[in-house]
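Structure record follows, encoded as structure tokens.
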Amino acid sequence: MNPLKLVRARPGTPFALTFDGREIEALPGQTIAAALWSSGVTAWRTTRGGGRARGVFCGIGVCFDCLVTVDGRPNQRACLVPAAPGADIRTQEGTGHDD
């Protein structure tokens, strides 16, 4: 059963943002991580040394595995940053800077 039906939740109107140029949908109150997960995306960062894929690990902003670039600003924690209409979310490679 859908959890929204269990609690009789009525989320606001969905809005669009982009992830690596692809339009995805988010709901008001969702974090970027939740919007990405809802769209089937589970990894959105690569590690500095080995280029290994990362996504959410702790989900509370402690581990920094979920870093993304948001509207040109690198090192944003996807598990903490609210999704916003029209946001441009990008996969972060390494430090997110032109190293």
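The values are calculated or read from the model by the stated rules, or taken from the named source; none is laboratory data. Every value quoted in this text rests on a predicted model; they were computed, and no experiment measured them. Heads up, the Cβs are rebuilt from the backbone with ideal geometry, glycines too, and the neighbour counts pull from every protein chain shown. Note: accessible area is taken over every heavy atom of the protein model, side chains too, but ligands, DNA and RNA are not part of it. Shrake-Rupley method; radii C 1.70, N 1.55, O 1.52, S 1.80 Å.
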Exercise for review: Tabulate in residue order the Karplus-calculated ³J(HN,Hα) for segment 11-21, using 6.51 cos²θ - 1.76 cosθ + 1.60 with θ = phi - 60°, rounded to whole Hz; enter x for Gly and Pro.
Suggested key: x, x, 5, x, 9, 9, 9, 10, 10, 6, x
Point to revise | Leading residue at positive end of dipole, the chain (Cβ point charges), from A26, P82, V7 | key: V7
Check your understanding: Put a dot 7 Å past each Cα toward the Cβ at E23 and R48; how far apart are the dots in nm?
Key -> 3.8 nm
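Helix-derived [θ] at 222 nm for the chain: sum -39500 (n - 2.57) over DSSP H runs of at least 4, divide by residue count, nearest 500? Kindly include the intermediate steps, with their values, before the conclusion.
Working: 2 runs with 11 residues, N = 99.
The helix-only estimate for the chain comes to -2500 deg cm²/dmol at 222 nm.
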Check your understanding: Pick the calculated Rg/Rh (Cα atoms, Kirkwood Rh) for this structure from [x] 0.94; [y] 1.45; [z] 1.00?
Key -> [z]
Study note, to complete from the structure: So for R0 = 25 Å, FRET eff. of T91-T13 from the Cβ-Cβ r, to 0.05, ends up at 0.40
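Using 0.36 nm per residue of separation minus the Cα-Cα distance, give me the extension gain between N75 and F57 in nm, one decimal. All intermediate terms of the calculation are to be shown ahead of the outcome.
Working: separation 18, 0.36 × 18 = 6.48 nm, distance 1.53 nm.
In short, 5.0 nm is gained.
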Practice item. Roll a 1.4 Å probe over the protein heavy atoms and report the accessible area of C63 in Å², nearest 10. Key: 50 Å²
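Please work out the average accessible area per residue across the chain, using the 1.4 Å probe convention, and give it in Å².
Details: 6210 Å² over 99 residues.
Result: 63 Å² of accessible area for each residue.
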Practice item. Give the relative contact order (percent, whole number) for segment 1-76; include only Cα pairs under 8 Å separated by 6+ residues. Key: 15 percent
